[in-house]
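Only the coordinates and a few stated rules stand behind these numbers; no lab work does. Not measured: the values here are computed from a predicted model. Here the Cβ is made from the backbone with ideal geometry for all residues, glycine too, and neighbour counts use every protein chain on show.
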Amino acid sequence: MKCRKCSGSAVINMRQHKLALCKEHFLDWVLTQTERNIQKYRMFNHNDQILVAVSGGKDSLALWDVLNKLGYQTGGLYIHLGISGENHYSDQSLDYVSNFAESRNLKLHIADIPEKFGKTIPQISKNSRRNKSKPCAICGLVKRHTMNEIAVQFHYDILVTGHNLDDEVSVLFNNTLSWQIDFLRRQSPVIPSKDGLPKKAKPFCRFYERETAAYSILSEIDYIEEECPFADGNTMIDNKNVLNQLEHEHAGTKLSFYLKFLKAKQILFPDIVSYFSPEETLQSCDSCGQPSPNKGICSFCRLIEETCK
Ligand code: Q46
Ligand code: ZN
Ligand code: ZN
């Protein structure tokens, strides 16, 4: 197959765009498309300080690389969750992130959960009343709280994550199956700041996972290939398999499902700031001061109180 731009030999064929590209033109295309997304959804500009949440995986490191190449002012945030497993998952991912930041002379914040609270995520989850077989719900809560905390503490204008189209479509599929209206309202490429919560954006939300993977490999970014040991059997992975099947039969299904949802949202949730429900106001947590939908202590502080003291 030949590159559409130069007739050289193509390294990737993106059936949904009817577009095959060589290495050089594909890497260029990722940069151009990311910039286009940033502009289209009014995510941020070159004066903003951008905090990139990085896990050590392909998506977040590729995103940090692209934003850096596009000349944006970025710092990274790695949250050490204390997850071990056979491959010492957290320690290993931190190594990848540190090497990436050092080699490009980029600022990296490291939030070490076991060091700060004396317990790892699996231990916090085990001690918690909501104890389930998997620590993912607790892990998500801790990560969200920590990302907000560091973004505010270091005066970042926006927090960005490396979610790709496959992630977004899998969440969308899940929320549609169970008609989680509030979650559907919140799903967006960009979320405005509110009551002290930082603005958030997902500049890779229109890239298929295979495109971010191809970008990382072709750019020779070293990333952790192993998944977190708790990722197995995740509903989102089951969703991805179903969606991949649909995509295989009809190229472009995932992209069209997502883009048509974003259009439909404007009709479903026409209020001005469609992310928040009109009646929703946030309180300030009595302990950490972070915005919270509940009065008194926020769910993160309650969790730490219950499991780490
Ligand atoms: S890191 Fe945390 Fe994920 Fe591991 S424990 Fe679950 S939520 S699977 S993205
Ligand atoms: Zn080419
Ligand atoms: Zn709190």
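Side notes on the structure shown:
- Between helix 235-249 and the chain there is an angle of about 20 degrees, using the helix long axis and the longest principal axis of the Cα atoms.
- Of the cross-linked pairs K58/K202; K202/K265; K58/K254; K194/K309; K40/K260; K58/K107, those separated by over 22 Å at the C-alpha level are K194/K309.
- The stretch between T281 and S84, if pulled fully straight at 0.36 nm per residue, gains 67.1 nm over its current Cα-Cα span.
- Of interest is the spacing of the C-alpha centroids, which for the range 10-73 and the range 176-213 amounts to 16 Å.
- Using only alpha carbons, the range 167-309 has a radius of gyration to Kirkwood radius ratio (Rg to Rh) of 1.02.
- For L19, the residues whose amide H sits under 5 Å from its own are M14, ignoring neighbours fewer than 5 places away on the same chain, with H placed 1.01 Å from N.
- Sparse packing (at most 15 other Cβ atoms within 10 Å of the Cβ) combined with a DSSP loop state is found for the following trypsin sites (Lys or Arg not before Pro) in the range 43-140: R129, R130, K132.
- Anchor K116: aspartates and glutamates whose Cα lies under 18 Å away (excluding residues fewer than 8 positions away in-chain): D91, E149, E305, E306
- Excluding same-chain neighbours fewer than eight residues apart, the lysines reachable from K2 by a Cα-Cα span under 18 Å are K18, K23.
- Computed extension gain for T176 through R104, at 0.36 nm per residue and net of the alpha carbon distance, reaches 21.8 nm.
- Environment charge at F154 (Cβ cut-off 14 Å; Lys +1, Arg +1, Asp -1, Glu -1): -2
- Placing +1 on each Lys and Arg Cβ and -1 on each Asp and Glu Cβ, with no other charges, gives the range 158-309 a dipole about its Cα centre of roughly 760 debye.
- Ranked by how many other beta carbons lie within 10 Å on average, peptides 202-212, 36-46, 133-143 from highest: 202-212, 133-143, 36-46
- Net charge over other residues, Cβ less than 9 angstrom from the Cβ of Q16 (K, R count +1; D, E count -1): +2
- Antiparallel content of DSSP bridges confined to the range 74-210, in %, to 5: 25 percent
- Note on the chain: with charges restricted to the Cβ of Lys and Arg (+1) and Asp and Glu (-1), its dipole about the Cα centre is near 900 debye.
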